[in-house]
Amino acid sequence: MTTTPQRLADVKSRIAAAARAAHRDAALIHLVAVTKTFGADHILPALACGHRCFGENRVQEAKAKWPALRTRFPDIELHLIGPLQSNKARDAVALFDAIHTIDRARIAEVVAAEMAKQERRLKLFIEVNTGAEPQKAGVDPKEAARLLRLCREDLNLDIAGLMCIPPQDEEAAVHFAVLAKLARELGLTELSMGMSADFETAVASGATYVRVGSQIFGVRAPHSAT
Ligand SMILES: *Cc1c(COP(=O)(O)O)cnc(C)c1O
């Protein structure tokens, strides 16, 4: 049996090794520890060994879990990595420090309005549907430049970078390369890509944020309906 701190340390050393192999500075690669479906009992050991950067994919679940942890650990950095509905934007802006899933004009607009109202600056990523899968979240790669322009020019939003979730049955490296190339073309420096199965590949492809859940916290129970 391994413990959460051991698995966290293992993931961090694998990130460092992948960075070295790619001649990259490991300090530029952030590990978002994804805690969806896991409660405070699982999260506290990671906090106890000093980790502060976490990801959740549902606003409601995060709202139930994190405010209490924040009062004990004020320097927590919380990332929304799941889809955002406009009626959850107010809670999301209040709760999170970063949103990785800006993928359409309407969401960019409501997030911009909430950030202004709440006087908060979140780190924002545009999610790109690199596989152009019809049912999947993310802006079509061909539309990314237009969405970025709307964010910057019409909404005065500072976009840090791009995020993707490659199709399950395809080679992740191909999608990471597409995202990295698009970010270069758009002049964006941050890349949110790579999960438990492929974070080392993502580091080799230029990831600056990897989102790792099960490799740290174990296998997730299926989500109950909310
Ligand atoms: C759950 C999730 C992850 C982490 O997945 P693992 O395979 O458990 O590492 C990363 N990104 C997103 C968007 C997720 O929803």
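What the table below lists for this structure:
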| read-out | value |
| --- | --- |
| Dipole magnitude of the stretch 1-150 about its Cα centre (Cβ charges: Lys, Arg +1; Asp, Glu -1), debye to nearest 20 | 80 |
| Accessible carbon and sulfur surface of the chain relative to its total accessible area, %, 1.4 Å | 52 |
| Per residue accessible area in Å² of the chain, where ligands, DNA and RNA are left out and the probe is 1.4 Å | 49 |
| Dipole axis of the chain (+1 Lys, Arg; -1 Asp, Glu on Cβ), positive-most option in 130, 53, 219 | 53 |
| Estimated inter-spin distance, residue 48 and residue 21, nm [label 7 Å along Cα→Cβ] | 3.2 |
| Mean residue ellipticity (222 nm) of the chain, computed from DSSP H runs ≥ 4 via -39,500 (n - 2.57), nearest 500 | -12000 deg cm²/dmol |
| Inter-label distance for residue 156 and residue 118, nm, one decimal - labels placed 7 Å from Cα along Cα-to-Cβ | 1.9 |
| Semi-axis lengths (Å, descending) of the ellipsoid that matches the C-alpha gyration tensor of the chain | 25, 23, 16 |
| Set of aspartates and glutamates with alpha-carbon distance to residue 136 below 15 Å, sequence-local pairs under 8 removed | 103, 127, 169, 170 |
| Charge sum, other residues only, whose C-beta stays under 13 Å from residue 172's C-beta, Lys/Arg counted +1 and Asp/Glu -1 | -4 |
| Where labels lie 7 Å past Cα in the beta-carbon direction, separation of residue 14 and residue 94 in nm | 3.7 |
| Packing-based order for 77-89, 9-21, using average beta carbon neighbours within 10 Å, highest first | 77-89, 9-21 |
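The values are calculated or read from the model by the stated rules, or taken from the named source; none is laboratory data. Predicted, not measured: the structure shown is a model, and the values here were computed from it. Please note: Cβ atoms are built from the backbone with ideal geometry, for glycine as well, and neighbour counts cover all protein chains shown. The accessibility values were calculated without ligands, DNA or RNA, using every heavy atom of the protein model including side chains. Shrake-Rupley method; radii C 1.70, N 1.55, O 1.52, S 1.80 Å.
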